[in-house]
1. Is one or more of the residues making up the stretch 18-31 among the aliphatic types (A, V, I, L, M), surrounded by 14 or more Cβ atoms within 10 Å (Cβ to Cβ) and without any contact (Cβ under 8 Å) to a residue 60 or more places away in the chain?
2. Taking the options L50, L10, name whichever one is touching a residue at least 60 places away in the same chain (Cβ under 8 Å) and either surrounded by fewer than 18 Cβ atoms within 10 Å (Cβ to Cβ) or of a type outside the set (G, A, S) (or both).
3. Only one of these is among the small types (G, A, S), under 19 Å from S137 (Cβ atoms) and more than 16 Å from ligand 1 (Cβ to nearest atom): S88, S110. Name it.
4. Looking only at the stretch 128-143, how many residues end up being touching a strand residue (DSSP E or B) at 6+ places or on another chain (Cβ under 9 Å), within 11 Å of ligand 1 (Cβ to nearest atom) and not aliphatic (A, V, I, L, M)?
5. Evaluate the following for V19: is it under 17 Å from the mean Cα position of the chain (by Cα) and either in a loop (DSSP other than H, G, I, E, B) or more than 15 Å from P139 (Cβ to Cβ) (or both)?
6. Within the stretch 53-82, can you find the residues that are farther than 16 Å from G102 by Cβ and assigned to a helix (DSSP H, G or I)?
7. If the Cβ limit is 7 Å and pairs must be 6+ apart or interchain, which residue in the stretch 98-122 that is part of a loop (DSSP other than H, G, I, E, B) pairs with which residue that is basic (K, R)?
8. Looking only at residues in the stretch 58-69 that are more than 10 Å from ligand 1 (Cβ to nearest atom) and surrounded by 14 or more Cβ atoms within 10 Å (Cβ to Cβ), which one is farthest from I123 (Cα to Cα)?
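What follows is calculated from the coordinates using simple rules that are stated; it is not laboratory data. From a predicted model like this one, the values you see are computed outputs, not experimental measurements. Neighbour counts are summed over all protein chains in view; Cβ atoms, including those assigned to glycine, are modelled from backbone coordinates with ideal geometry.
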Amino acid sequence: MQNKMEFHELREYDEYLEVFLQFIVSIIYQSVLEYYWHRIMHWKYCYRYLHKFHHAYKAPEPWDDMYIHPLEAFGYYCILYGPPFLFSIHKYAFIAYMIVMGICGVLDHSGINFEFPGLYNTIDHDNHHAKFEVNYSFPFPFMDILHGTYEGTFWGKFYSVRDKVNRGITIEGASCKTNFKVE
Ligand SMILES: [Zn+2]
Ligand SMILES: [Zn+2]
């Protein structure tokens, strides 16, 4: 598989715009594939033998982002490092994309509340660790919202996966810092 990374220096305005679009396309590409990969990881046997490691902690801690089974890591890193092998991408777009993914990965498991309004909230992934069947998206909630698996507040609207809670998903034993309420 050929690496299509571009290394030339940027001079024209159009080139900066192109790099920005490559960055956005990379984020969208990752968000879509990560969502379905994460959903597969929650299938019964994948969860039992692979993804269960990552869910060992109900309230995640910083290094839990990398606390995943090697096979799950291999699959996910194929997705994460995919952009330069799938389409032309400038080194600056790829670096910016990796910075966003790296920072969000650590923040999601940091135990702190951080929000980038209208785009990203660390509470979302905390709720995934606490409730298992909500908020599979990483790092942004768009794929969950599209699939009806989002639980949280986005752009002032509260989304709830109430039917799944009623089907008996339990957060027993969860010690999530977000004090998620189940009425
Ligand atoms: Zn999961
Ligand atoms: Zn996690």
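1. No, the conditions are met nowhere in the stretch 18-31.
2. Among L50, L10, only L10 is touching a residue at least 60 places away in the same chain (Cβ under 8 Å) and either surrounded by fewer than 18 Cβ atoms within 10 Å (Cβ to Cβ) or of a type outside the set (G, A, S) (or both).
3. Exactly one residue qualifies, and that residue is S110.
4. Result for the stretch 128-143: 1.
5. no
6. F53, H54, H55, A56, P70, L71, E72, F74, G75, C78
7. Going by the 7 Å Cβ cut-off, the qualifying pairs are G111/K177.
8. Among residues in the stretch 58-69 that are more than 10 Å from ligand 1 (Cβ to nearest atom) and surrounded by 14 or more Cβ atoms within 10 Å (Cβ to Cβ), the one farthest from I123 (Cα to Cα) is H69.
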